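Enquirer: Below is the structure I would like to discuss, written out as structure tokens.
Each value in this text was obtained by applying a stated rule to the coordinates, not by laboratory testing. No experiment lies behind these values; they were computed from the predicted model shown. Here the Cβ is made from the backbone with ideal geometry for all residues, glycine too, and neighbour counts use every protein chain on show.
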């Protein structure tokens, strides 16, 4: 993919949430943007502006029981229509080709599994590493991001880590 190719294209993204009274709240109203390949970008905005809803819609992580993406919306990643992918296709894509960095480990990581178990799951699924190789790599990754005592932290639960 050359540098001028579009990696992610979002067109007229509209997301609605169902309300208890049966009504709908439109949280996103026509969001559109492109992200070129081989570029690092940030989605910025005020609190409540829709950054998380946009990201979660792209990743197909919004709860289907309470939310809906307008069928006229277009979400394309590397030329693939994200809204038409099966659950298994999305699972293969997430964490390997497209990912989201959540701000708060307490609400983003599963509280009943250690941090290491959650990293290892991704590495065994996407990097095709053995469980022991994945544990070693997970420690390396924690060290690379500057987490003190990665050998100890990998055995910690999310609530044992600082959110800062």
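Enquirer: Between residue 113 and residue 44, 0.36 nm times their residue separation minus their Cα-Cα distance comes to what?
Expert: Answer, rounded to one decimal: 21.8 nm.
Enquirer: Here is a follow-up. Taking the C-alpha atoms of the stretch 6-85, how large are the radius of gyration and the largest Cα-Cα span, Dmax, in Å?
Expert: Cα radius of gyration and Dmax of the stretch 6-85 are 13.0, 45 Å respectively.
Enquirer: Still on this model: Report, to the nearest 10°, how far helix 115-126 tilts away from the longest principal axis of the Cα atoms in the chain, using its own Cα long axis and a range of 0 to 90°.
Expert: Result, in degrees: 70.
Enquirer: Follow-up. Pull out a ≥ b ≥ c, the square roots of the eigenvalues of the alpha-carbon gyration tensor of the stretch 42-128, then state rounded if a/c is under 1.5, prolate if not and a/b is larger than b/c, and oblate in the remaining case.
Expert: Here the stretch 42-128 falls in the oblate category.
Enquirer: Could you sort the peptides 23-30, 69-76 by per-residue average Cβ neighbour count (10 Å cutoff), highest mean leading? Intermediate values should be presented prior to the final figure.
Expert: Numbers: 23-30: 13.0, 69-76: 15.6.
Per-residue Cβ counts within 10 Å, averaged per peptide and sorted highest first, yield 69-76, 23-30.
Enquirer: Another question, if that's okay. Angle check, please: helix 131-144 long axis (alpha carbons) against the longest principal axis of the chain (alpha carbons), in degrees 0 to 90, nearest 10.
Expert: So the helix axis and the longest Cα principal axis differ by about 80 degrees.
Enquirer: In angstroms, what radius of gyration and Dmax does the chain have, counting Cα atoms only?
Expert: 17.8, 51
Enquirer: Can you tell me the order of 124-134, 79-89 when each peptide is scored by its average per-residue count of other Cβ atoms within 10 angstrom, highest first?
Expert: Ranking the peptides 124-134, 79-89 by packing returns 124-134, 79-89.
Enquirer: Oh, and also: For the stretch 106-160, just say rounded, prolate or oblate: build the C-alpha gyration tensor, square-root its eigenvalues into a ≥ b ≥ c, call rounded for a/c under 1.5, and beyond that prolate if a/b exceeds b/c, oblate if not. Each step should come with its number before you reach the end.
Expert: Working: a/c = 1.99, a/b = 1.23, b/c = 1.61.
It is oblate, given that a/c is not under 1.5 and a/b is not larger than b/c.
Enquirer: For the residues 59, 100, what sequence is obtained by ranking on other C-beta atoms within 10 Å, fewest first?
Expert: So the residues, fewest neighbours to most, are 100, 59.
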